[in-house]
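The values are calculated or read from the model by the stated rules, or taken from the named source; none is laboratory data. Bear in mind the structure is a predicted one, so any value in this text is a computation, not a measurement. Note that we place each Cβ from the backbone using ideal geometry, even for glycine, and neighbour counts take in every protein chain shown. Keep in mind that these areas ignore ligands, DNA and RNA; they rest on the heavy atoms of the full protein, side chains included. Shrake-Rupley method; radii C 1.70, N 1.55, O 1.52, S 1.80 Å.
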Amino acid sequence: ELQCFSHLFEQTPLLSTERQIGLLGELLFLERLMSRIGSDAVDAWMGPLAEPHDFRVGSREYEIKTTTASHRVHTVHGTEQLVPSLGCSLSVISILVGPPGHGEGTSLSEKAKQLADAVRHHPEKAERFQRNLEGAGLRPSQLEFYSRRFVLRRPLGVVYVDDACPAITRGIIDGALGALAPRIEGISYDVNFDGLAHEDGSPGFEESLPPLSLFSHRDR
């Protein structure tokens, strides 16, 4: 009986619904990035490595925000999430997903399997992809539990993090509160990006993607 309880406690808990949706968004952007630069996109996926932003290609960083809402309203965690790393530019990728009709959409488990299949001919990329999945909490033995299906409500959208992007940073808090600013130890807020995003297929979205000149080859 003690051994049974030991096995029970050793089991890895399932991802929360919020984390499942967030990870699906990361895989959807990874898929889009792979359509442009091939399996090299796997190396750009930094989210599972506890890096500040989810993807980095050269000096371009991408923060993935996914919601089941019908508007591009996303939660920003902390004062650094919308701050690019030194020498980098940062973009927010806004993803809206919703419930599918009959037989439509994709699930987290299906998307993970599809991308694993897409890089299977590149052993190093395939191994890294699997490590990243497990680092994100998605274990092969638990894939059957992530079968809830989603469809895109809107095309992927990109919001450039610049002076026109609404963000609360440490500098803004310092300027507003002065000597009291250090007492603000944590912050989380919702941002409405409606009207600010360039949708996939537009010149603005294409310009946000890494230039092909960074890569010597493309494998699809």
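In segment 102-147, of all residues being in contact with a strand residue (DSSP E or B) (Cβ under 8 Å, 6 or more places away or on another chain) and in a loop (DSSP other than H, G, I, E, B), the one that is farthest from residue 27 (Cα to Cα) corresponds to 104. Open to solvent by 30 Å² or more (accessible area, probe 1.4 Å) and within 27 Å of residue 145 (Cα to Cα), is that true of residue 19? So residue 19 fits the description; yes.
Counting the residues of segment 53-98 that are touching a residue at least 60 places away in the same chain (Cβ under 8 Å), touching a helix residue (DSSP H, G or I) at 6+ places or on another chain (Cβ under 6 Å) and aliphatic (A, V, I, L, M) gives 3.
Checked against (1) in contact with an Asp or Glu (Cβ under 9 Å, 6 or more places away or on another chain); (2) surrounded by 15 or more Cβ atoms within 10 Å (Cβ to Cβ), residue 121 meets all criteria but (2).
Just one of the listed residues (57, 97, 83) is surrounded by 15 or more Cβ atoms within 10 Å (Cβ to Cβ), under 25 Å from residue 14 (Cα atoms) and not aromatic (Phe, Trp, Tyr), namely 97. Consider segment 60-80 and keep the residues that are open to solvent by less than 50 Å² (accessible area, probe 1.4 Å) and of a type in the set (A, V, I, L, M). The one that is nearest to the chain's Cα centre (by Cα) is 64. Against the test of being within 21 Å of residue 77 (Cα to Cα) and in contact with an Asp or Glu (Cβ under 8 Å, 6 or more places away or on another chain), the options 154, 170 yield a single qualifying residue, 170. Filtering segment 71-86 to residues that are within 17 Å of residue 192 (Cβ to Cβ) and not in a strand (DSSP E or B) leaves 71, 72, 81, 82. Taking the criterion of being closer than 19 Å to residue 28 by Cα and either among the small types (Gly, Ala, Ser) or in a loop (DSSP other than H, G, I, E, B) (or both), the residues of segment 87-100 that qualify are 91, 94, 98, 99, 100. Might you check whether a residue that is small (Gly, Ala, Ser) and either open to solvent by 40 Å² or more (accessible area, probe 1.4 Å) or in contact with a helix residue (DSSP H, G or I) (Cβ under 7 Å, 6 or more places away or on another chain) (or both) occurs anywhere in segment 153-164? Scanning segment 153-164, I find at least one residue that is small (Gly, Ala, Ser) and either open to solvent by 40 Å² or more (accessible area, probe 1.4 Å) or in contact with a helix residue (DSSP H, G or I) (Cβ under 7 Å, 6 or more places away or on another chain) (or both), so the answer is yes.
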